[in-house]
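**Q** One structure is given below, represented as structure tokens, and several questions about it will come after.
The values are calculated or read from the model by the stated rules, or taken from the named source; none is laboratory data. Note that the coordinates shown come from a computational prediction; the quantities given were computed from them, not determined experimentally. Note that each Cβ is placed from the backbone with ideal geometry, even for glycine, and that neighbours are counted across all protein chains shown. For the accessible areas, the whole protein counts, side chains as well, though only heavy atoms, and no ligand, DNA or RNA atoms are used. Shrake-Rupley method; radii C 1.70, N 1.55, O 1.52, S 1.80 Å.
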Amino acid sequence: MYTIGLSLSTLIFVGFLINVFYPPLGIHKPFSPLITILTTSLLVLLLSLICYIRDKNYSNSSFIYFQDIFSIPVLFLLFIPFLSIFGTYFVNYLNNNLILMLMIIIISFVVYSIGWTNFIPDKLYPLALWTITLSLVWHNTLISNYLNIYDVTREFYYTKLVIEHSYWDWALFSNYNSVLSNVVLGPIFYYFCNLNLTFVFKIIFPLLFSFVPVGLYSIYKAKFDNSKFSFLSCTLFLSINPVYNEISSTTKQSTAEIFLILLLMLLLVDSNIARTKKSFLIMIFSVSMVVSHYGISYILAGALVFTVLLLHLVPARFYKNHMKITDFNNNKIASSNFIIFYLVFTLSWYIFLSGSSSFISFVNLISHVANTLFTEFLDPESSRGLYLIVRNNPSVLATMYKCSHLLIQLLITVGLFSFLIIKNEKLDVKYILISLYFFLINLAAICFSGFAVMNAGRLYHLSLFLLAPFFILGVISASKIKCHILKVNFEDQNKEKLLKISSTILVIYLLFNTGFIFEINKDSFNSIAISQGSILKSGDKNEIAELYFRYIPESDVFSARWLSDNVPNMNKTHIYATLGHGEGKAVLGSYGMIPYDNMRMLDGNTTRINKGDYIYLHYVNVIYNIGLGLDTKLGRPIIFDMSDISYLLENKLYDNGGSEIFGK
């Protein structure tokens, strides 16, 4: 994991430095293919030379045992990602989801077998986690030949700007322009891999993200000293829907999470690394994370401050009585110098880059929460987290799915508070305090309007970095409570049985999250990968809309490119589209390269279009007569009938059978 992190950090820093120092030297296009490849190759050559000089006398007798590589469990696990690749091909070109359905069954079998048997030895658990995560992520990102609709479409836009101009303009006002995970790593991968930029985002970035659960496993294994426990905790983390539906299509967050897991490994686990080396790695990975994603940077800053305050404000006697501490003074989460450096660097980076766009967004969020603290507290019409809990479900299966989420979260709560209340339960104080912080963050996303600005699902996913093990601890604690009520002794042998029960719960949870159960029952479809055909055949308007504000049809790509190529003075023209949850902006920005400031919302309340502007209709508007507005508070689409604005559709300029463009 450290190798991956250092490699990414090196590429980020190299890209940033050539963009800063090459133009004054007369190289005005530092991100041209030749300059980028030449600089990076020379650096690799230099580092290789240093490595050779430093380690030329080093010897370590390590061997590759082919009997392990070609063993049945290893080959079985390595087979799963190929099912993901072939399965998405069958969906894309044959409209057949059988291979993907088979893949999900096999993944469920792996989780179940690890919980109940020893078919897969514990030394292969990291490999199992990697292949499962990669398969689940790719089974979503490889759907269609174009980007899935999420933050990745804007990330694609700013990456493409860098490639087109061979230079990163750090002054452009946008949150997406301030993160180097997009504007530096994207062009470098594009040049070195010689891939279509779309597939850099659909293949390479998800591949890197798939290693995150492997890092989590090492943390859980060190903290809880149980391989099956650690594997099942990671399974909860990777099984939730946002991992393969949202995070895999949010490059800035998925990249930052690689650095986050490395930081957690250094801060919470790896005490055997020399102090100087450890401090160096912490500085490198913290800076890399800050420049990769503003949201995670602010959240970790809050975690550091929260942990330091509690360590100083709560009496040491409490920690010594309730948590495993041998030397309280050495249980600081990090040095005060590092925390000050981290806070100053985070604020400085996002204040001075991209017109302070990210910092302004952060200040606006704090201001909004403060202004609505009492007027919209626990209001399901403005709280994204609470809305997900109280909203009506379209079917019994959808209600069961919501109940499975609530059960998992209840068990996490029981597990966490058992460590805060019950004296005989012990765990490292740093881990507990950071976990409590993320628990409170999730609670705030439910209570306060607009707090879950990055989306409640992504926030929940992020909290599982620390909270996932408390699900299984919650199962154990609930069993102990039951034994106490029934006045029965709880024996340590019961823990093995409870791990088996936990694995069964996780299998059911995984089948719900992937949409497998919904597809089997042809009910409440929630997967664009395995339910695409069923949605188009028998889905209602809400399900069809859900599909097309996550999926870009080819007809929309061609119409967006035509619009970009044939409209004069694009910078002075407004394009009206039914944007929904970024749906119209997605294709117009990513494949039309139309500036986002030039796009306007076309919804049921639109009454007139100015002369010289254009109306863009995408596939779902034309074929299904469905328009998508936007609930800005909840961040969810509002469906309306396109016939409500038919009087605006005059002077058709373009029609490819799926998408249309009108001029005024």
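**Q** With every protein chain left in place and a probe of 1.4 Å, what is the accessible surface of Asp597, to the nearest 10 Å²?
**A** My reading of the accessible area for Asp597 is about 130 Å².
**Q** Tally up the carbon and sulfur contribution to the accessible surface of segment 511-664 as a whole percent, 1.4 Å probe, everything protein left in place.
**A** Using a 1.4 Å probe with all protein chains present, segment 511-664 comes out at 46 percent carbon and sulfur.
**Q** Calculate the translational D of segment 340-499 in whole µm² s⁻¹ from Stokes-Einstein, where the hydrodynamic radius comes from the Kirkwood formula applied to all Cα pairs, the temperature is 4 °C and the viscosity 1.567 mPa s.
**A** 71
**Q** Ordered by residue, what ³J(HN,Hα) values in Hz, to whole numbers, does segment 413-421 give under the Karplus form 6.51 cos²θ - 1.76 cosθ + 1.60, where θ = phi - 60° and Gly and Pro are x?
**A** Residue by residue, segment 413-421 yields 4, 4, x, 5, 6, 5, 7, 8, 10 Hz.
**Q** Heavy-atom accessible area of Arg391 with all protein chains present, probe 1.4 Å, nearest 10 Å²?
**A** Around 100 Å² of this residue is reachable by solvent.
**Q** Express in nm, to one decimal, how much length is gained between Asn610 and His574 on full extension, taking 0.36 nm for each residue of separation and deducting their alpha carbon distance.
**A** Length gained, Asn610 through His574: 12.1 nm.
**Q** Need one value: the accessible area of Ile535 in square angstrom, 1.4 angstrom probe, rounded to the nearest 10.
**A** The value for Ile535 is about 10 Å².
**Q** Sticking with this one: If the cut-off is a Cα-Cα distance under 18 Å, which lysines reach Lys572, setting aside same-chain residues fewer than 8 apart in sequence?
**A** Output for Lys572: Lys585, Lys611, Lys664.
**Q** Moving to a separate point now. Once phi is turned into θ = phi - 60°, what whole-Hz ³J(HN,Hα) does the Karplus curve with 6.51, -1.76 and 1.60 give for every residue of segment 503-518, x standing for Gly and Pro?
**A** Couplings: 5, 5, 4, 5, 4, 4, 4, 5, 5, 5, 5, 6, x, 4, 5, 5 Hz.
**Q** Could you tell me, in Å, what Rg and Dmax come out for the Cα atoms of segment 49-168?
**A** Rg, Dmax (Cα atoms, Å): 20.4, 57.
**Q** Okay, moving on. What FRET efficiency comes out for the pair Asn95/Thr399, r = Cβ-Cβ distance, R0 = 30 Å, nearest 0.05?
**A** Efficiency for this residue pair is about 0.50.
**Q** Between Met283 and Glu164, with labels modelled 7 Å along Cα→Cβ, what's the label distance in nm to one decimal, could you check?
**A** Spacing of the two 7 Å Cα→Cβ label points: 3.9 nm.
**Q** Going through the cross-link list Lys29/Lys652; Lys402/Lys495; Lys56/Lys221, which pairs have a Cα-Cα distance over 29 Å in this structure?
**A** Lys29/Lys652; Lys56/Lys221
**Q** Going by amide H atoms built from the backbone, whose H comes under 5 Å of the H on Tyr654, apart from near neighbours?
**A** Those qualifying (amide H under 5 Å, at least 5 residues apart or on another chain) are Ile661.
**Q** Using a probe of 1.4 angstrom, how much of the accessible area of segment 53-183 is carbon and sulfur, in percent?
**A** Answer for segment 53-183 is 65 percent, counting heavy atoms of protein chains only.
**Q** Can you put Tyr619, Tyr58, Tyr576 in order of accessible area, largest first, using a 1.4 Å probe?
**A** Heavy-atom accessible area, descending, gives Tyr58, Tyr619, Tyr576.
**Q** For Arg600, enumerate residues with amide H under 5 Å from its amide H, sequence gap 5+ or separate chain, H modeled in the peptide plane.
**A** Ile575, Tyr576, Ala577
**Q** Provide Ile107, Ile299 ordered by accessible surface of protein heavy atoms (probe 1.4 Å), highest first.
**A** Ile299, Ile107
**Q** Can you sort Cys447, Cys234 by solvent-accessible area, 1.4 Å probe, largest first?
**A** Heavy-atom accessible area, descending, gives Cys447, Cys234.
**Q** Can you tell me the accessible area per residue over segment 4-57, all protein chains present, probe 1.4 angstrom, in square angstrom?
**A** That works out to 64 Å² per residue.
**Q** How big is the antiparallel share of DSSP beta bridges in the chain, given as a percent to the nearest 5?
**A** 70
**Q** Further question on the same structure: Which of the listed residues, Pro126, Ile552, Val305, is farthest toward the dipole's positive end in the chain, when Lys, Arg count +1 and Asp, Glu count -1 at the beta-carbon?
**A** Of the listed residues, the answer is Val305.
**Q** Go through 166-172, 585-591 and give me the packing order, highest mean Cβ count within 10 Å leading.
**A** The peptides rank, most packed first, as 585-591, 166-172.
**Q** What's the magnitude of the charge dipole for the chain around its Cα centre, counting Lys and Arg as +1 and Asp and Glu as -1 at the beta-carbon? Answer in Debye, nearest 20.
**A** The calculated dipole for the chain is roughly 1720 debye.
**Q** Over what distance in Å are the Cα centres of segment 597-664 and segment 519-565 separated?
**A** Answer, in whole Å: 17.
**Q** Check Arg636: other-chain or 5+ apart residues with amide H under 5 Å from its amide H, H built from backbone geometry?
**A** Excluding prolines and chain starts, which carry no amide H, the hits are Asp631.
**Q** Return the distance in nm (one decimal) between the two label points of a simple spin-label model at Ser113 and Val390, each offset 7 Å from Cα along Cα→Cβ.
**A** About 4.6 nm separates the two model spin labels.
**Q** By how many nm would the segment from Ile273 to Leu378 lengthen if fully extended, with 0.36 nm per residue of separation less the alpha-carbon distance?
**A** Working it through step by step, the gained length comes to 33.2 nm.
**Q** Then there's this: Which of the lysines could be linked to Lys537 by a straight reach, that is with a Cα gap under 22 Å, when you skip same-chain ones fewer than 8 residues away?
**A** Partners found: Lys522.
**Q** Calculated from the structure, semi-axes √(5λ) of the Cα gyration tensor in Å equals which of (i) 40, 31, 26; (ii) 47, 29, 24; (iii) 52, 34, 19?
**A** Of the labelled values, this structure produces (i).
**Q** Here's a follow-up. For segment 150-297, with every protein chain kept in place, what is the accessible area per residue (1.4 Å probe, Å²)?
**A** Result: 28 Å² of accessible area for each residue.
**Q** Gap in Å between the Cα centre of segment 199-257 and the Cα centre of segment 164-197?
**A** 24
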